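To start, the structure itself, in structure tokens.
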Amino acid sequence: MSHQQRPCDARAVLRDVLRKEITSARLALEAVKCGKQIDGQMPYVNRAAHVLTVAAGKVSLLVNCSTVSGDDKTLDAELSLQGSFKEKDLLARLALYFLVTRGRFSKVLQKSTDPLSVDSFLMMSEWFQKRREKREFLEQNDKICKATSVRYLYCSPDLEWSARILQVVAPRVEDITVHDVGIAHLQILESMPRLRRLEIKGTSSDFLWNDLGPFNWNDEGRFNFQDNDPQDTTRPFWLKELPSGSSTGLVSLTVSLPRQLLLPLIVQQRRTLRELTLDVEIPETCADDLYDWQKRWSSYCHDLPQRLTELLERFSLPALRLVKLLRHHSIYEEAHASCFKQLRAVRRVLGPKVTVICVRCG
């Protein structure tokens, strides 16, 4: 394959090379699940990856995917092709994921806009600080009105101002990462018509995090929102139901949230959600030995398979194809058994159509 192959020609190349060895690619998926290297096991996918890594800069893959309703939706993923990282391996994994999920490569294009970023000193200031600068940021920043991607928006220091930023970017944004969201922020996020990729890290004081106690799937708040209590960790904080025929809906969701909010958020996005990343730690100690600030379900997530089973007994996840368990702490050799046990349990719950991996140990 020529090193002069242009990225714009990759559409036909990807289609041809991926069709040549679908069986071997699927067998390689099992190797990926076991944490083995892709190189040498996926020759055709690696060749396709090589075509894209010839060009410098950032390359985006725009993929057309047929949904269960028959409608065509798009999802895209961006990879940096600069530096000394293993872009080839990353892209091969991406290609395999789309292959297994029956995604179809259609275009390779360049991103035209950079993610919107907010000055850290401005973003982390309290509501009574830098008020003039915050007003000018909203009124005089042309980029905010055109942003399709927002990175690292911290909401808790100034809840009202951060909510206003979300309102301004809402009509166009497709990809957003937010920290410490409150109820008002969630209401804005769920109404964004083009939002496809959402990452939420933490909540404001609206929600209680001490959620290691019992949990009951109480449906009262689902039909009467006044019954929802964000401080009640024993039952779901139900969110607005998205219309079944609506174009609104997430493709990718990454979350670090209290249990009473995380599970209803998955339910809300169930019709379109294809990739789910859960911030869950392996339980390494008895819950009674934890400090109060550690008593979070995501830090001691021993019942994840049970909660997912309960969810699926009530709702289906027809579009889901990939679940990633995100572990922040190092997994020592003795913890691998616990991790693998949980992975197997989650795989049994979700079934063969969903690939389940641990981000830390592969």
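Some observations on this one:
- Size descriptor for the stretch 118-173, Kirkwood hydrodynamic radius: 11.4 Å (Cα pairs only, one decimal).
- Residues whose placed amide H lies under 5 Å from that of V356, excluding near-sequence neighbours: V323
- On full extension, the segment bounded by T234 and E160 gains 23.8 nm, given 0.36 nm per residue less the C-alpha separation.
- You can think of it this way: the chain between K143 and F128 has 2.9 nm of extra reach, that is 0.36 nm per residue less the Cα-Cα gap.
- Cα centroid of the stretch 257-271 to Cα centroid of the stretch 142-214, whole Å: 15
- Backbone HN-Hα couplings from phi across the stretch 116-127 [Karplus 6.51/-1.76/1.60, Hz, Gly and Pro as x]: 6, 10, 9, 3, 4, 5, 6, 5, 8, 7, 6, 4
- Among 231-243, 335-347, 154-166, the peptide with the highest mean count of other Cβ atoms within 10 Å heads the list, and the full ranking is 154-166, 231-243, 335-347.
- Exceeding the 32 Å Cα-Cα cut-off - candidates K130/K295; K143/K240; K146/K295; K146/K353; K201/K240: K130/K295; K146/K295; K146/K353
A short reminder: the numbers here are calculations on the coordinates, not readings from a lab. It should be emphasised that the depicted structure is a prediction, and the values quoted were computed from it without experimental measurement. Quick reminder, even Gly has a Cβ in these numbers, built from the backbone with ideal geometry, and neighbours come from all protein chains shown.
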